[in-house]
Structures are given as structure tokens and as C-alpha cells.
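One structure is given here, and the rest of the page talks about it.
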Amino acid sequence: MRIRTGILISLLLLTGSVSVFGQGYLSFRNEMDNILENKSRFTFGPFRLYPLIRLTDFGYDGNVYRQQEDRDPITDFTVTLSPSLDVNVLYRNWLILSLTESPEYIHYFKVSRERAWNNTLSTQVKMLMFQRIVIEGAYSNGKRRRRGTTEFDVRADEKSEELTARLFYETPRRSMLGLSYSVRKISWDDIDLLQESVSLSNQLNRTEQDAVFEFYYKLFSQTDLFVNFGFSRYLFSEAGADWRNSMAYEVNAGLRFPILGRMRGTLFLGYKELMPNQKDLSGFAGIVGGSTLDWRVGRFAFGLGYSRDSRFSYSQNNVFFITDHYQPGVSFYASRTFKLTYNFSYGINRYPEPEPIILNNGTVDLIKRRDVYLTHTVGFAVRVIGRTGIGMSLSWWQVDSNFYLRGARSQLFIGAYLTQDF
């Protein structure tokens with residue numbers, strides 16, 4: 001009777017719980033093993049608790065709004081505190097209930113407009129039936145003040161809500177085959193700042209619907225080969241924005257390396273077609289891909305990030321832009337308690353539809369906008385306890401654009417952070 005009462009309480013508290021789907025589908029057994037090995041810092045009755053505190057961006061921001069240098073950029077000191085709590089309940093070998101609560105506070109000492117309370121609540125229920133079939137339901141709700149893409153100079157408030165359902169078949173070797181369906185509602189607050197007004201709500205508020213077929217084959221003991229094919233539909237919410245409504249097809253194949261081990265991350269390549277409903281607008285058809293890899297070799301740790309995709313734009317002329325982003329990095333562990341790091345980031349945004357610009361002689365010309373981004377980050381970290389350390393970093397960000405409203409901009413940031421990477 002006590003067991004049944006505990007299960008009932010857990011269901012009432014955690015119905016709909018979500019683990020984050022950042023790396024795609026995780027098998028029922030792998031997710032249970034991950035909770036038992038890595039997310040059970042404390043136990044309280046049937047609950048397994050994993051609290052975590054992150055401290056980032058504690059330092060000096062040399063250009064809060066990423067203004068052009070001739071406009072006397074605003075500077076300030078800032079800090080971001082991001083605690084989180086994972087709560088999991090495992091019932092025998094057939095039910096996982098999960099909840100993740102991730103509040104965040106961003107503080108700027110002078111610029112009150114940039115102070116923000118953020119929060120994301122994610123919940124998930126995962127059920128194993130007949131030792132092979134997995135049914136999963138997930139829900140998330142969040143509010144974040146952030147730069148949504150590299151197109152953003154100023155942070156804006158984004159609200160999102162998502163429902164996901166999955167049905168999978170899993171083999172004894174933990175290969176998997178299944179279908180997933182999700183609905184996301186995304187809304188942005190408008191920006192009215194520094195004599196600039198950007199109607200994000202009119203250009204970006206939308207509902208996204210995704211249906212995806214996924215296949216994962218256990219290539220090695222902890223490495224998956226995956227293939228997925230999906231269809232997406234994008235319906236924009238505001239009156240007059242229906243010209244942005246689009247649909248997309250995408251197929252991807254890649255490798256997913258172990259969560260723990262010498263090499264971690266994912267690597268994939270695919271093909272995507274994004275088709276605006278308005279036929280006279282340019283669509284996107286081409287290669288997409290991405291990687292988030294890091295591996296350790298002796299005293300060195302290497303990282304490689306890459307992404308190519310289309311992103312929705314708040315431009316008055318373009319539904320989307322195409323982005324290519326490269327991010328290599330290296331860390332050198334001088335000792336067990338001290339490491340040096342360097343990261344480089346290079347990105348290009350290309351816009352398919354021409355934008356009007358005013359030339360020096362007062363005439364108007366049309367150009368296809370192109371933005372180039374560079375970031376250099378150097379720093380060091382000192383181990384404090386376990387895998388936790390305190391770090392310092394200096395970051396230099398700059399952008400150059402052929403679009404006159406953007407121009408050349410730069411930002412210096414010097415700050416401290418907590419790291420879990422020792």
C-alpha cells in the first residue's frame with residue numbers, strides 16, 4: 001500500500017515530465033541508466049534529485065546593446081545565476097517520470113532594462129510496454145530574455161510552449177525505430193529602444209508543427225548511427241504576417257557518440273527544403289548539418305562545432321536567412337588543477353531577398369544582405385573541488401555587414417564563471 005501511495009503522489013506531482021531533447025531520442029534503458037548513474041545526487045522517498053548551480057558572465061560588458069562604435073556604446077557590469085533541479089521517479093523497470101525546473105536571474109548593475117527573471121519548466125512521462133514499445137509524452141513552458149539568433153543585437157523576451165508525443169520500438173541491442181510529433185508556440189515581445197523599434201511579434205510569433213520518423217542503430221556499445229526524416233509546418237500568428245507561412249522537409253543521417261567517454265557529441269549531415277507558401281518568395285533547398293564534438297587527448301581537449309541551417313528572420317523583406325557557423329576550440333590542462341582555453345567562432349548569415357539601402361548620393365539600391373561574425377575567447381580555469389572550477393575569460397565579438405543599418409560593431413566582455421569540465 002505504501003508503494004502504491006508513493007507512486008500515486010509522484011504521478012500527481014510529475015505528470016508530463018520532460019528531460020531535454022537536445023540530442024534526440026534516448027532509449028528507455030539508457031535514460032534509466034543515466035538517471036541512476038548521473039542524476040541521483042540525493043534521494044527523498046521515490047524522488048531522485050539532482051540540483052545544480054551555474055554562475056556565468058560575471059564581469060564587464062563593453063557594449064550591452066551591440067551598438068555601432070560611433071554611437072557611444074553603453075557599458076555595464078553583469079552576472080547571471082542559473083540554478084536548476086532535476087527530479088526523477090523510477091517505478092520498477094517500466095515507468096520514468098521526470099521534471100526539470102531551470103530558473104535564471106540576469107543582473108545588470110546600471111542598465112535596469114536588461115535585468116530579467118527567466119524560467120523554463122520541463123516535464124516528461126516515459127513508459128515501457130511489453131519490453132519493446134515505449135510511449136512518451138512531454139511538455140515544456142519557458143520565458144527567456146535572450147538574443148534569439150545572431151541577427152539579434154538586443155535581447156528580447158521570448159515565451160515558448162511545447163507538447164511532444166513519441167511512440168518507439170526498441171530492440172534488445174537498444175536500436176530504436178519510432179515516430180514523434182510536436183507542437184510549439186513561440187511569441188516575442190517587441191523591441192523599442194535607443195530610437196530603434198523592431199516589431200518582433202509581427203515577424204516571428206508563430207506555431208510550429210513537426211512530425212519526424214527516427215531510426216537509431218547501435219553501431220558500437222555506446223555509439224548510435226541515426227537517420228531521421230521530418231515534415232514541419234510554420235504558421236505565423238499576427239495579422240498581415242501570413243506571407244511568412246511556410247513548410248519544410250528535412251532528412252538527416254549521422255552519429256551520436258557516448259554521453260560519457262573520450263569523445264562526446266553528435267555529427268550529422270542532411271538535406272532540407274523550406275518552402276514559403278507565397279510562391280514569389282525565395283525558398284531554401286540545400287545541405288544542412290551540424291556537429292558538437294569534444295574529445296580528450298592527453299593534456300589537450302579539443303572541441304569542434306559546426307552548423308548550417310535556415311533561420312527565420314525579422315527582416316521586413318526576408319522570411320529566413322541561411323547561416324553557416326564554425327566553432328573550433330582547444331584546452332590545455334597544465335596540471336590537474338589548472339587549464340588554459342581558446343575558442344574561435346566564425347559565422348556568416350546570407351539573405352535570399354534583396355534589401356533596400358540608401359547610398360551616399362541619396363539614391364536607393366537593392367542588395368542581398370550578408371553579415372560576418374567573429375568571436376575570440378581566451379581564458380583559464382582553476383579546479384576547486386571534484387570536477388568544479390572557477391574560470392576567467394576575455395571575449396572579443398565583432399560583426400561586419402554590407403547592410404547599412406548594421407555596419408561594423410564590436411563587443412568586449414571580461415568575466416568569471418563556474419565550470420564543470422575538469
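Give all pairs with beta carbons closer than 7 Å in which a residue from segment 107-127 that is closer than 13 Å to Thr80 by Cβ meets a residue that is among the polar types (S, T, N, Q) and part of a strand (DSSP E or B); count only pairs at least 6 apart in sequence or on separate chains.
Once the first residue is closer than 13 Å to Thr80 by Cβ and sits in segment 107-127, its partners that are among the polar types (S, T, N, Q) and part of a strand (DSSP E or B) give His107/Thr78; Tyr108/Thr78.
Applying the selection to segment 169-207, what residues are of a type in the set (Asp, Glu) and at pLDDT below 90?
Asp192, Glu196
Would you please name the residue that is nearest to Ala301 (Cα to Cα), looking only at residues in segment 373-420 that are exposed (fewer than 15 other Cβ atoms within 10 Å of the Cβ) and under 21 Å from the mean Cα position of the chain (by Cα)?
Gln420
Mind checking which residues of segment 163-205 are out of contact with any Asp or Glu (no Cβ under 6 Å at 6 or more places or on another chain), touching a residue at least 60 places away in the same chain (Cβ under 8 Å) and over 15 Å from Ser315 (Cβ atoms)?
Correct list: Thr164, Phe168, Glu170, Arg174, Ser180, Leu193, Leu194.
Quick grid of which residues meet (1) farther than 30 Å from Phe28 by Cβ; (2) loosely packed, with under 14 Cβ neighbours inside 10 Å; (3) among the aromatic types (Phe, Trp, Tyr):
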| position | (1), (2), (3) |
| --- | --- |
| Arg54 | no, no, no |
| Asn63 | yes, no, no |
| Asp70 | yes, yes, no |
| Thr78 | yes, no, no |
| Ser82 | no, no, no |
| Leu90 | no, no, no |
| Asn93 | no, yes, no |
| Pro103 | no, no, no |
| Tyr108 | yes, no, yes |
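Checking Gly137 against (1) free of Cβ contacts under 8 Å to residues at least 60 places away in the same chain; (2) surrounded by fewer than 18 Cβ atoms within 10 Å (Cβ to Cβ); (3) under 22 Å from Thr164 (Cα atoms); (4) not charged (D, E, K, R), which test does it fail?
The one condition Gly137 does not meet is (1).
Do we find a residue being of a type outside the set (Lys, Arg), farther than 30 Å from Met127 by Cβ, assigned to a strand (DSSP E or B) and free of Cβ contacts under 8 Å to residues at least 60 places away in the same chain anywhere in segment 82-95?
yes
Which residue out of Glu238, Glu250, Glu273 is in contact with a Gly (Cβ under 8 Å, 6 or more places away or on another chain) and surrounded by fewer than 17 Cβ atoms within 10 Å (Cβ to Cβ)?
Matching residue, one of Glu238, Glu250, Glu273: Glu273.
Looking at Asp157, is it touching a strand residue (DSSP E or B) at 6+ places or on another chain (Cβ under 9 Å), charged (D, E, K, R) and free of Cβ contacts under 8 Å to residues at least 60 places away in the same chain?
For Asp157, the condition - touching a strand residue (DSSP E or B) at 6+ places or on another chain (Cβ under 9 Å), charged (D, E, K, R) and free of Cβ contacts under 8 Å to residues at least 60 places away in the same chain - is met.
When you look at Val364, is it out of contact with any Phe, Trp or Tyr (no Cβ under 6 Å at 6 or more places or on another chain), free of Cβ contacts under 8 Å to residues at least 40 places away in the same chain and of a type in the set (A, V, I, L, M, F, W, C), yes or no?
yes
Which residue pairs have Cβ atoms closer than 9 Å, lie 6 or more positions apart in sequence or on different chains, and pair a first residue in segment 375-392 that is more than 17 Å from Phe58 (Cβ to Cβ) with a second residue that is crowded, with 17+ Cβ neighbours inside 10 Å and of a type in the set (Phe, Trp, Tyr)?
Once the first residue is more than 17 Å from Phe58 (Cβ to Cβ) and sits in segment 375-392, its partners that are crowded, with 17+ Cβ neighbours inside 10 Å and of a type in the set (Phe, Trp, Tyr) give Thr375/Trp397; His376/Trp397; Arg383/Phe422; Gly386/Phe422; Arg387/Phe422.
Which residues, taken from segment 224-256, are assigned to a strand (DSSP E or B) and more than 22 Å from Arg166 (Cα to Cα)?
We begin by selecting, within segment 224-256, every residue assigned to a strand (DSSP E or B); these are 224-236, 246-256.
Of everything in segment 224-256, those that are assigned to a strand (DSSP E or B) and more than 22 Å from Arg166 (Cα to Cα) turn out to be Leu235, Phe236, Ser246.
Asp371 fails exactly one of the following numbered conditions: (1) under 23 Å from Ser197 (Cα atoms); (2) not in a strand (DSSP E or B). What is the number of that condition?
Unmet for Asp371, out of (1) under 23 Å from Ser197 (Cα atoms); (2) not in a strand (DSSP E or B): (2).
Checking Phe152 against (1) out of contact with any Lys or Arg (no Cβ under 7 Å at 6 or more places or on another chain); (2) surrounded by fewer than 16 Cβ atoms within 10 Å (Cβ to Cβ); (3) in a loop (DSSP other than H, G, I, E, B), which single condition isn't satisfied?
Every listed condition holds for Phe152 apart from (2).
Every residue in segment 343-365 that is at pLDDT 90 or above and either exposed (fewer than 13 other Cβ atoms within 10 Å of the Cβ) or in a strand (DSSP E or B) (or both), please.
Asn343, Phe344, Ser345, Tyr346, Gly347, Ile348, Asn349, Arg350
The values are calculated or read from the model by the stated rules, or taken from the named source; none is laboratory data. Treat the numbers as computed from the prediction; the structure is a model and nothing was measured. Note: ideal-geometry Cβ built from the backbone for every residue, glycine included; neighbour counts use all protein chains shown.
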